[in-house]
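Chemist: Below: one structure in structure tokens.
The values are calculated or read from the model by the stated rules, or taken from the named source; none is laboratory data. Computed from a predicted structure; not experimentally measured. Ideal geometry is used to build each Cβ from the backbone, glycine not excepted, and the neighbour counts take in all protein chains shown.
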């Protein structure tokens, strides 16, 4: 019921908003905020409630497809938090828009509710077609809102946004259709199985199609053309939702739909990591030069999401919680920054940060919030941003220290542009007259303050966020493991190997450089080429390093209960496990009563 | 032992921060600002309460220290960190002077900041700083230390840019934060190195030490040494950022833009020494990496020398003190580089007193002169402000190492340790077997630096307090002694800078300080690098530590001579010379002095320019190319679209006719393909 | 020679053709509407004609649908003429070719 | 045989009237010819065994709709399009298009084997009412359709009223009020 409500009630709310008259500003705001508070409550219940799923209902048959498409929603930690972001930011956007829009508030609220419903659907859909449906549906209310409430170039921005994102996901639609013609039905697991049976070249093509859609949505480096103009022309509350919740759909897609479906090889992974890092650096550099405050935030958002994507494809064990915390932190902090730059724009009448300044003296309370938000975006320890960035850094370090170094560089740059931003907006001498009567209202201030408090809370106790990933119920997991027998075997082997490594006495495995030299010379005699020898020796050293690592594990064994399982295949498997929790069996009819805990 | 929970110590300043920040925000619309009495009382009392806690704990602490795990912080695969506190000999010393000096300086600030519009805000920042600093030194793992580490950096940023109406201050604050950020990334990556070696448990100091002991016992050091050295080097990068060592030191002179109490507390006494604290805290790890220790030694020596020299050219009274701080920090790192960690902490301790006194005295002078900081416009102040002058002169004697004063004991100790402990080894170079007396080289560097220290400090004292007053006549009439609320902390600190040294006066047999640090640092100090490697493999490559036994009195005499010689030079140079009164606004040095002073700024500028050029390329070239690409595609689409509209005549009837033909065509197709026939 | 179903169909076809011709070739809006009515009638006739070739109950549908179609045609005519009046008021013309607001 | 003769007569009248619609200059004449065409069509319905449909045809088309047409034409005085030509260049395209289409469809029709069925039900009032309203026997489909149709007609009426009425507050209506 919760899931149905979260997806459909926003649309109902949007329709009910029509009942208000356009002229009656007050009743519209009251009604909208009331609805939004209710949705926020629902989303909190969803986050707290753990994994739930609805009963799959057969929706329709797409012509030419082997199996039916289902109306099937489920929630796991990641999706639930994204829903929380979308509901929370929508509420604050509605509060924030009170001071921004006069007469048209009703229409704005209608758009926001429609957008919220579509976003919730995207994050909760368990069926590929349903997911795609909502993924596309998000664009429409967003584009309409930009076109009707945006800045000077709003038409252009809305067109760019809509065309870019829709065209970006068109290849995914084709790929999805193709997959549906060979998959048993449109649920994740059957699609994944269908992909397994395809030749490699086809897999790659399909993968690129899927990746493209999410890359454009996120956006990642070469496909970010729509972002700056859209975020800067959209009204500030909408920009906050776009960057705080909607752009997460891209990263969410990587985690929830790309990683479990496609088998990855090293080239693809490293390509994605490099693309993520490239956009992190590129975004930071562009933000360093940006003059338009909203554009600066847009590029900073791109930088952070680039880091998130790099983290996703690092595929380390810590990846999922790390990226989740980073996304939640970025959603809240970027959101509140957008709201606040919207207030600043209201006060000064300009978006150009060179023309702002001196707000610290004219509006101290606002400046306090602004400075605090900026500092929290810097990933200062104690804020959620730090936990996210550090854990992602850890994941990247696990992949390659060099990548971690690049990410560190982008963190330095982020300090540079955020501080420049703060300095230009609130410090220095005032360069303009503040508009009279524009103040941060009490409710608005409380809303922004609450977001900042939330960031601090998650910073000091990230378990609020990460714990939602552990809430798998045991029977479902067991069922899951039975189904994917192949992956299971791999894991078992790995675990066994690992255990052996821990049990064996350690002294016998210490390889000294002289041993390596001996090995090398004997290999030369055996006639191995230089490359082969290097490879072999590397392997030997790596094995030794693993054993050394297990020494450490023994040291803090009591602290750690989970076994250290390494290797890309089982990482993939773990993601599958986390993401496909609660999916029905592929072959059997998807009505599985056990898992339909919701209805 | 006293039953005070450790978390109370950081809690008080945190409470203070929250209360004062609320007052600051609530009173912001008010023209008069918050009531200074209440704000001042809160701001002083809460740090004082944590000082009391610390003192109570310190007197009853068992030798092994107090450990307390509060709760879990981060718990994800690969990373499990707790919020826990560790109160041992090292954190005791640090906490005592952090909270003690913090309280005194808060008291001083009530007088100094009187009448400022951001009075409550200032004290909120100060309390936040004390909270972060306490967390930094009290935490039992690196992650929590990093929280304090960045927290103090943040407060430093906020306080440097406290008077944010002037963009110059904001720029200095930005510079401080960004330069520190570079170091912080080093810290972060260092932690990652440790995690790679020892798992997330290695972030805990106790577990790290255990782990290292296990490595040594098992003879596995060689296996992890590259990674461990990398970790140590990266941590040292972090230290160079926070403690203003080469090459990340340019921010500290600029940081003098903040209010003077801030300079005293953050940029002299406490925050900048946290790098030294970190090295001492990780001493067990650092001693495993002789290369990194050598690096620290060289960097420390070079920084000490360079900064002392640069201090000679400054005209701004606070800048002189800033360079002096950098130079003293160099001393501390030199001591750490020869693995005399207790000596470096001792110098941190004494330095905190005398440098705080100097800064507070300078603050009183600036206060008396209504904001004038240029020494060329001072002079003869001893008649007008005798107490301040006495305070500064005593502190001056301490910093130059005049026998009996605090600085004498600590500086003397460091120089002695450099001479005795330096185990620099050149392996594989042309110096390999020639016994170059590296210990002597570094000792002489240190001694020479001490002479320069005496010279520039003497210059400062002479230019400020002696001779004729060189400023405006108008301001001269307003010169007054500081109020009591400012004088009391100054006097207390002066007593500290005279007598703090007697905690460890080795020449007269007092080793109280060293004994209290021994449980923490003893193992590392006594560590012999030769032990860590497999004896039969690597022994011949490492010479055992040189422990030359020499007469300590000789060192004391040499140090005294250096101080007296420096003072003599200063007296010769500036005592009688007529210093021209200047009218120009700039206090920056010129000519060759400028080149020397801003040497590292130029180096930084190179990197900044490089980044900006790349950013320019991104903005102007790459972005435009991408836009052109998009534009091309959209242009192609619209051209094709225009082509299609040729068929779109604006006559509905014609369209319908065409569609009729279309229907006919369809029917024909159906007929031909046999749909019906 | 008896009446054949094909005759009915051919009549319907002819009527439909004339209806289309009227609807498209005439520029007067009234004629356009009348042409549409003619074409609709032709379709109805075709329905009934085909219904008569089917056995028993299968023929029911073909005879009921025209009923609905007539009703819909009534509604269409109703709205259509209202629109004609509206447009005529705004434009003072009932020439279909003058209404060329659609832009390509 | 007799049926064929009647059919031919009625068909000729129908087509003739339709041709009149095509060729008449004034819409009023066109409308009147259309009525003739409708009525004769109603005759054909009766002839081929759907008398109820024929009655409805007369009532609705020839009665209601065509009255409407005629009234509207008379209300709008400028309905004569004497200024515009009856046929123009576009017609040159239309005639061949229609002829081609009709020819093709006719070809298909002629080729199809069609024959009257003897068991066909007669489209009487009884059959119609039974089909529409005897829900128990024929299922609810037609009934629901019927009701929806009622709604459609209602909404069409409302739409027509809204479209055709003069807007309140517009210049025209104010002028009207002034006159009163």
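Chemist: When the stretch A:415-424 is examined, which residues are found to be touching a residue at least 60 places away in the same chain (Cβ under 8 Å), touching a helix residue (DSSP H, G or I) at 6+ places or on another chain (Cβ under 6 Å) and more than 7 Å from chain B (Cβ to nearest Cβ)?
Modeler: Answer for the stretch A:415-424, where residues must be touching a residue at least 60 places away in the same chain (Cβ under 8 Å), touching a helix residue (DSSP H, G or I) at 6+ places or on another chain (Cβ under 6 Å) and more than 7 Å from chain B (Cβ to nearest Cβ): A:417, A:418, A:421.
Chemist: Name the residues in the stretch A:383-404 that are crowded, with 22+ Cβ neighbours inside 10 Å and outside any helix (DSSP H, G or I), would you?
Modeler: If the condition is that a residue be crowded, with 22+ Cβ neighbours inside 10 Å and outside any helix (DSSP H, G or I), then A:383 is the only one that fits.
Chemist: Here's a follow-up. Just a yes or no: is a residue in the stretch C:56-69 away from chain B (no Cβ under 14 Å), within 26 Å of residue D:23 (Cα to Cα) and in a helix (DSSP H, G or I)? Full working, then the answer.
Modeler: Looking only at the stretch C:56-69, we keep the residues that are away from chain B (no Cβ under 14 Å), and these are C:56-69.
Within this subset, residues satisfying the condition of being within 26 Å of residue D:23 (Cα to Cα) are none.
Among the residues of the stretch C:56-69, not one is away from chain B (no Cβ under 14 Å), within 26 Å of residue D:23 (Cα to Cα) and in a helix (DSSP H, G or I), which makes the answer no.
Chemist: While we're here: Scan the stretch C:37-51 residue by residue and report those that are more than 8 Å from the chain's Cα centre (by Cα) and farther than 13 Å from residue C:7 by Cα.
Modeler: C:44, C:47, C:51, listed by residue number.
Chemist: Moving on to the next point. Looking at (1) free of Cβ contacts under 8 Å to residues at least 60 places away in the same chain; (2) more than 24 Å from residue A:127 (Cβ to Cβ), which is the only condition residue A:61 fails?
Modeler: (2)
Chemist: Moving to a separate point now. Please work out if residue A:166 is buried (at least 22 other Cβ atoms within 10 Å of the Cβ), touching a helix residue (DSSP H, G or I) at 6+ places or on another chain (Cβ under 7 Å) and part of a helix (DSSP H, G or I). Reasoning before the result, please.
Modeler: Working: buried (at least 22 other Cβ atoms within 10 Å of the Cβ): no; touching a helix residue (DSSP H, G or I) at 6+ places or on another chain (Cβ under 7 Å): yes; part of a helix (DSSP H, G or I): yes.
So residue A:166 does not fit the description; no.
Chemist: Looking at (1) more than 9 Å from chain C (Cβ to nearest Cβ); (2) surrounded by 15 or more Cβ atoms within 10 Å (Cβ to Cβ); (3) over 21 Å from residue C:10 (Cβ atoms), which is the only condition residue D:23 fails?
Modeler: Unmet condition: (2).
Chemist: I need the helices (runs of 4 or more DSSP H) fully contained in the stretch D:1-60, keeping only those with at least 3 residues that are farther than 24 Å from residue C:6 by Cα and in contact (Cβ under 8 Å) with a residue 60 or more places away in the chain.
Modeler: Result: empty, no element qualifies.
Chemist: Can you tell me which residue among A:407, A:451 is part of a helix (DSSP H, G or I), within 11 Å of chain B (Cβ to nearest Cβ) and buried (at least 21 other Cβ atoms within 10 Å of the Cβ)?
Modeler: Answer to the check: A:407.
Chemist: Does any residue in the stretch B:197-219 that is within 11 Å of another protein chain (Cβ to nearest Cβ) and under 16 Å from residue B:64 (Cα atoms) come within less than 6 Å, Cβ to Cβ, of a residue that is surrounded by fewer than 16 Cβ atoms within 10 Å (Cβ to Cβ) and at pLDDT 85 or above six or more places away or on a different chain, and which pairs are these?
Modeler: Partner pairs satisfying both residue conditions: none exist.
Chemist: Go through the stretch C:3-35 and count every residue that is more than 30 Å from residue C:87 (Cα to Cα), within 7 Å of another protein chain (Cβ to nearest Cβ) and assigned to a helix (DSSP H, G or I). Steps first, answer last, please.
Modeler: Just the residues of the stretch C:3-35 that are more than 30 Å from residue C:87 (Cα to Cα), to begin with: C:3-14.
Those still in the list that are within 7 Å of another protein chain (Cβ to nearest Cβ) too: C:3, C:5-11, C:13-14.
When the remaining residues are screened for being assigned to a helix (DSSP H, G or I), the result is C:5-11, C:13-14.
Residues meeting the conditions: 9.
Chemist: Assess whether residue A:62 counts as being surrounded by fewer than 24 Cβ atoms within 10 Å (Cβ to Cβ), in contact with a strand residue (DSSP E or B) (Cβ under 8 Å, 6 or more places away or on another chain) and assigned by TED's automatic domain parsing to the domain that holds residue A:26.
Modeler: Working: surrounded by fewer than 24 Cβ atoms within 10 Å (Cβ to Cβ): yes; in contact with a strand residue (DSSP E or B) (Cβ under 8 Å, 6 or more places away or on another chain): yes; assigned by TED's automatic domain parsing to the domain that holds residue A:26: yes.
In short, yes.
Chemist: Also, I was wondering about something else. Restricting attention to the stretch B:607-623, which residues are more than 11 Å from every other protein chain (Cβ to nearest Cβ) and at pLDDT 90 or above? Give the steps one after another, and end with the answer.
Modeler: Keep residues of the stretch B:607-623 that are more than 11 Å from every other protein chain (Cβ to nearest Cβ), which gives B:609-610, B:621.
Listed by number, the residues that qualify are B:609, B:610.
Chemist: Mind checking whether some residue in the stretch D:98-117 is touching a strand residue (DSSP E or B) at 6+ places or on another chain (Cβ under 7 Å) and either modelled with pLDDT of 85 or more or more than 18 Å from residue C:58 (Cα to Cα) (or both)?
Modeler: No: the stretch D:98-117 contains no residue that is touching a strand residue (DSSP E or B) at 6+ places or on another chain (Cβ under 7 Å) and either modelled with pLDDT of 85 or more or more than 18 Å from residue C:58 (Cα to Cα) (or both).
Chemist: Another question, then. Would you confirm, using the coordinates I've provided, whether residue D:39 is at pLDDT 90 or above and closer than 30 Å to residue D:130 by Cα? Spell out how you get there, then give the answer.
Modeler: Numbers: at pLDDT 90 or above: yes; closer than 30 Å to residue D:130 by Cα: yes.
For residue D:39, the condition - at pLDDT 90 or above and closer than 30 Å to residue D:130 by Cα - is met.
Chemist: For the structure I just gave you, tell me whether residue C:87 is touching a residue at least 40 places away in the same chain (Cβ under 8 Å), within 14 Å of chain B (Cβ to nearest Cβ), part of a helix (DSSP H, G or I) and over 30 Å from residue D:125 (Cα atoms).
Modeler: It is true that residue C:87 is touching a residue at least 40 places away in the same chain (Cβ under 8 Å), within 14 Å of chain B (Cβ to nearest Cβ), part of a helix (DSSP H, G or I) and over 30 Å from residue D:125 (Cα atoms).
Chemist: Let me spell it out: the conditions are (1) in contact with a helix residue (DSSP H, G or I) (Cβ under 7 Å, 6 or more places away or on another chain); (2) at positive phi, and residue A:301 meets all of them except one. Which number is the exception?
Modeler: (2)
Chemist: Being under 15 Å from residue A:241 (Cβ atoms) and outside any loop (DSSP other than H, G, I, E, B) is the filter here, so list the residues in the stretch A:138-147 that pass it.
Modeler: Across the stretch A:138-147, the qualifying residues are A:139, A:140, A:141, A:142, A:143, A:144, A:145, A:146.
Chemist: Then there is this: Please work out which one of (1) more than 7 Å from chain C (Cβ to nearest Cβ); (2) exposed (fewer than 15 other Cβ atoms within 10 Å of the Cβ); (3) more than 24 Å from the chain's Cα centre (by Cα) is the condition residue D:119 fails and give its number.
Modeler: Condition (1) is where residue D:119 drops out.
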